[in-house]
């Protein structure tokens, strides 16, 4: 079998299994509210649920469209199917996959990138699931104290700054020329609208970064 | 530990938690094994694959603790099992909290008040599920189409492949830029983590710790330890935030751009 054929077989198989697992995840996902409603014979008032969803869906579903279009090519097939099932993409799975690909020195649009991204997301999902499960079972009384501890509060309030500072350090050092513009755009957007949602801001900074990099590439400022 | 008499922590809820969390772990193992085998076939070294597993696991520890903290925050109103399930599959820190808060608001309650009615609890579960499911539906339907389009665009020529590399690298930077900008001058919806002195110091600490550790690894020829640079910087910066908050006057640590 040729190398290209084997590669195609692998990708085809990932898409088939990815879709099957995603459909399975949707069934499992919806089994929770169904089980609660059936078991307790507690069907909520449709108008109340509809009222709440009306406030959430425009933002959530629009963001979902942006996330699928933007993140899927970066995560690769396996990484994307797995990330959208296991959740916490922007704050965990995506940076984790990017970090792994950077460390392994592979490109996201290569087969090597696909493999590394999938393993990184799977490893992250298992670790997170286990930590949350162990935390819930064993440490919840301690966690309650940790959460209410004034001394530890700053650590949890600024976890995002710590996470992206650590992740950004390597990237900003390596690609500082194309990093300045999107950070600047992000700052300006937040000056105009400070509470801009992170998913929408991500879309703006990604567009700014790509546009800036293409212009710099055209002007031969970056290779 | 669990109050079985409470409907929010009943054997049904725990059984559902076991089913859903088991599903996530089995799916992750399935894809990991599949990718590992293919990685070996195309010549990726075992060391690289192992390093990916270890560094990704370490990378996930701090955010996982943060997610766990959110589970505990939501537990006061919803019991611990529902937030645990929702944040283990498809869920997201921000979305789940917002969805729960929105439904509780419609019900005339809030996140600090315990839900004592099964119908209200079911309503919250429905809203959390329907609100978050669309991304999963979408990736199932159009994920292949999007990836194939990108692959075709990059396969066309060497030139377009170079452009794809630039797009790919800059898109990563775009993601990081959003969060860096937020740490510099963002404003959180509840005012608990507005950007200011503390967020900037945490951000700078993470960058400095990373660069020092990476430089040390290179100077001392300890390349293998480089995979610890990211998790070490995350925890180091979080520890720095705690220490600065203890050492410096409140007028300094509480400074934010947004008053």
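Centre-to-centre separation between the Cα atoms of the range B:47-114 and those of the range A:14-57: 17 Å.
Over the Cα atoms of chain A, each weighted equally, I'd like the Debye log10 I(q)/I(0) at q = 0.12, 0.17, 0.18 Å⁻¹, rounded to two decimals. Debye output, listed in q order: -0.91, -1.49, -1.54. Listed peptides B:130-137, A:13-20, B:171-178, A:85-92 appear in the order B:171-178, A:85-92, B:130-137, A:13-20 once ranked by packing, highest mean of other Cβ atoms within 10 Å at the front. Here the simple spin-label model places points 7 Å from the Cα toward Cβ, and for residue A:39 and residue A:219 these points are separated by 6.1 nm. Dimensions of the range A:1-69 along the principal axes, based on C-alpha atoms and rounded to the nearest Å, stand at 58, 31, 10, largest first.
Label separation (residue A:5 vs residue B:225): 4.9 nm, computed from points 7 Å beyond Cα along the C-beta direction. Entry note: the range A:51-151 has Rg to Rh equal to 1.09, where both radii use alpha-carbon atoms and Rh is the Kirkwood radius.
Across chain A, C-alpha contacts under 8 Å between residues 6 or more apart give a mean separation that, scaled by the residue count, equals a relative contact order of 16 percent. Annotation for residue A:47 and residue B:218: the two label points, set 7 Å from Cα along the Cα-Cβ direction, are 6.6 nm apart. Equivalent ellipsoid of chain B: semi-axes from √(5λ) of the C-alpha gyration tensor, largest first, are 35, 29, 20 Å.
If you look at the Cα atoms of the range B:1-132, you get an Rg and a Dmax of 18.2, 59 Å. Taking max minus min of the alpha-carbon positions on each principal axis, the range B:173-259 gives extents of 47, 34, 16 Å, largest first. On the beta carbon distance between residue B:33 and residue A:65, with R0 = 41 Å, the FRET formula returns roughly 0.85.
Residue-normalised convex hull volume from the C-alpha trace of the protein assembly as shown: 144 Å³ per residue.
Every read-out reported here was derived from the displayed coordinates using simple, explicitly stated rules and does not represent laboratory data. The shown structure was predicted, so the numbers you read here are calculated from the model rather than taken from an experiment. Positions of Cβ are generated from backbone atoms using ideal geometry, with glycine treated the same way; all protein chains shown enter the neighbour counts.
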